[in-house]
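To start, the structure under review is shown below, and the notes come after it.
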Amino acid sequence: MKRILLIEDDPEIAHLLQLELGDAGFEVDWAPGGMSGLVRLREAPPDLVILDLGLPDLDGGEVARRIRVGAEVPIIVLTAADSVERKVTLLSGGADDYIVKPFHPAELLARIQVQLRHREGGEQVTIGELEVHLSKRQVFYEGQEVRLSPKEFELLSLLCTRPGKVFSRTEIEEHLWGRSLERDSNVVDVHVANLRSKLRESGAYGYLRTVRGVGYALRQRDKE
Ligand code: CA
């Protein structure tokens with residue numbers, strides 16, 4: 001049974017989600033504040049965190065950042081703030097997805113499934129000196145580990161499913177978040193830029209290819 005940690009101060013929403021997610025087969029652990037949520041996270045590590053942004057004791061963005069320091073667990077943020085800028089900041093700062101209140105529980109469930117699916121998967125892909133271990137979520141270049149954020153890792157795992165294929169921004173968004181984001185969102189470009197710079201810092205040059213106006217691709221196995 002997958003465990004979900006729900007950090008939400010509104011008892012009505014918390015109660016509703018406990019029922020809905022419980023019916024869907026999840027075990028839900030409810031923390032009514034940021035501090036208690038962080039304590040629960042350590043006491044009983046969950047498979048996924050649902051985090052309300054408007055908490056009485058700590059800002060939700062800060063809670064996401066603190067969770068991310070110690071854990072790779074996926075975080076879905078509940079937000080009332082319908083601003084693109086805030087979402088981009090959240091998605092590049094530790095949250096894996098967001099959902100705007102009010103939302104339908106079925107929509108939240110779909111997002112949860114997308115995030116949990118990303119954590120599964122089995123094999124290993126090798127391209128030149130670059131090794132991507134999909135189940136262990138580790139990347140090595142010339143034997144040295146390349147440390148990536150969860151989203152950078154998912155981006156790289158998507159691209160390495162078909163090296164050489166150009167993935168459009170929409171395809172990448174759909175893989176990473178289960179849907180496409182707003183048209184003016186640059187969150188994919190931010191993650192691509194971060195991934196590219198981390199690969200380069202490890203000496204892995206020329207792996208990520210930008211095809212202007214089309215999308216991004218990983219170098220093919222057989223080419224140097
Ligand atoms: Ca709240």
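The values are calculated or read from the model by the stated rules, or taken from the named source; none is laboratory data. Because the structure is a prediction, the values reported are computed rather than measured. Every residue, glycine as well, gets a Cβ built from its backbone with ideal geometry; the counts of neighbours run over all protein chains shown. Only protein heavy atoms, including side chains, enter the accessible area calculation; ligands, DNA and RNA are left aside. Shrake-Rupley method; radii C 1.70, N 1.55, O 1.52, S 1.80 Å.
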**OP:** Sequence neighbours fewer than 8 away in the same chain don't count; with that in mind, list the lysines whose C-alpha is under 23 Å from Lys151.
**Re:** Lys2, Lys87, Lys136, Lys165, Lys198
Subject >> Computed log₁₀ I(q)/I(0) - Debye formula, equal Cα scatterers, no solvent, the stretch 3-118, q 0.09, 0.14, 0.20 Å⁻¹ >> reply: -0.19, -0.48, -1.08
**OP:** Sticking to Cα atoms, compute the Rg of the stretch 108-175 to one decimal and its Dmax as the biggest Cα-Cα distance, whole number, in Å.
**Re:** 12.6, 40
Original post:
Once every DSSP H run of n ≥ 4 in the chain is given -39500 (n - 2.57) and the sum is divided by its residues, what mean residue ellipticity at 222 nm do you get, rounded to the nearest 500 deg cm²/dmol?
Top reply: -12500 deg cm²/dmol
Original post:
With +1 on each Lys and Arg Cβ and -1 on each Asp and Glu Cβ, how big is the dipole of the chain about its Cα centre, in debye rounded to the nearest 20?
Top reply: 980 debye
Original post:
Build a GNM of the chain with springs between Cα atoms under 10 Å: which of Ala71, Ala31, Ala14 gets the top mean-square fluctuation?
Top reply: Ala71
Subject >> Near-label residues of the stretch 47-87 by backbone N, under 16 Å of a point 7 Å along Cα→Cβ of Asp184 >> reply: 82-87
Subject >> Solvent-free Debye scattering, log10 I(q)/I(0), computed from the Cα coordinates of the stretch 1-47 at q = 0.21 Å⁻¹ >> reply: -0.65
Subject >> Potential extension, Leu58-Val214 segment - 0.36 nm per residue separation minus Cα distance >> reply: 52.1 nm
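Suppose accessible area is computed on protein heavy atoms with a 1.4 Å probe; arrange Arg219, Arg42 from highest to lowest.
Most to least solvent-accessible, the answer reads Arg42, Arg219.
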Original post:
If you take the Cα Rg of the chain and divide it by 2.2 N^0.38 Å, with N the number of residues, what do you get?
Top reply: 1.05
Subject >> Acute angle (nearest 10 degrees) that the helix 187-201 long axis makes with the longest principal axis of the chain, alpha-carbon atoms >> reply: 50 degrees
